[in-house]
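The block underneath contains the structure these notes are about, expressed in structure tokens.
What follows draws every value from the coordinates through simple rules; no lab data is involved. This is a predicted model, so every value here is computed, not measured. Ideal geometry is used to build each Cβ from the backbone, glycine not excepted, and the neighbour counts take in all protein chains shown.
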Amino acid sequence: MQQKIVLIGGPGTGKSSILKEFIKRGYKCMPEISREVTLKAQKEGIDQLFLEQPLLFSQLLLEGREQQYLEAHQSNEEIIFFDRGIPDVHAYMNYLGSDYPPVFKEKSNQYLYTKVFMCAPWKDIYKSDNERYETFEQSVKIDTFLKEAYEEIGYHIIEVPFGSVQERCDFILHSLKNNV
């Protein structure tokens, strides 16, 4: 049976670095797509789509994450890692206090992941850039909304300890092997 493993956490918690390491180790990974959506909007003259049109941004993310899930489902790979999952979309809308259509939560309940690993905010590795505008304090707050969204669906969240990227990957693989 295929395992769909999602990595969650606020911005700048090391998820993408962990995925890059999994790719080096030969695993199939689905990258974070929010940067892609943000950069495309910037080329179209919208500086921060997430801030200026959060619902449109979230709809585009939902579509992209659903496509990633469906692509993974068609794969013969035993383990596929995702940098963020579908429930992240409504978690961020909750963080913003914005209304969103019921389909956001419906998709979260329709497309389920096997396990959820959470990377907690870690000030030592946090960096902002052109696509990551959130402060570390905002990352901490977003983290609580993410945890809430996944737990609301019924996921057991496994916390990834701080450490080197290799140690964090080893922890995740060990957890999968031992069915933690």
Taking Cα atoms, the helix 165-177 axis meets the longest principal axis of the chain at an angle in degrees (rounded to 10) of 60
Can you compute the modelled spin-label distance between Lys141 and Lys43, with each label point 7 Å from Cα toward Cβ, in nm?
3.2
Cα gyration tensor shape for segment 136-180, rounded if a/c is under 1.5, else prolate or oblate:
oblate
Looking at the square roots a ≥ b ≥ c of the eigenvalues of the Cα gyration tensor of segment 3-177, which shape do they give, rounded for a/c under 1.5, prolate if a/b is larger than b/c, or oblate?
rounded
Spin-label model distance (nm) - Asn179 vs Glu66, 7 Å beyond Cα toward Cβ
3.3
Can you give the extra length, in nm with one decimal, that the chain gains between Asp99 and Glu151 once fully stretched, where that is 0.36 nm per residue apart less the Cα-Cα distance?
16.7 nm
For the chain, what is the mean residue ellipticity at 222 nm derived from helices alone (per DSSP H run of n ≥ 4: -39500 (n - 2.57); sum divided by total residues; nearest 500 deg cm²/dmol)?
-16000 deg cm²/dmol
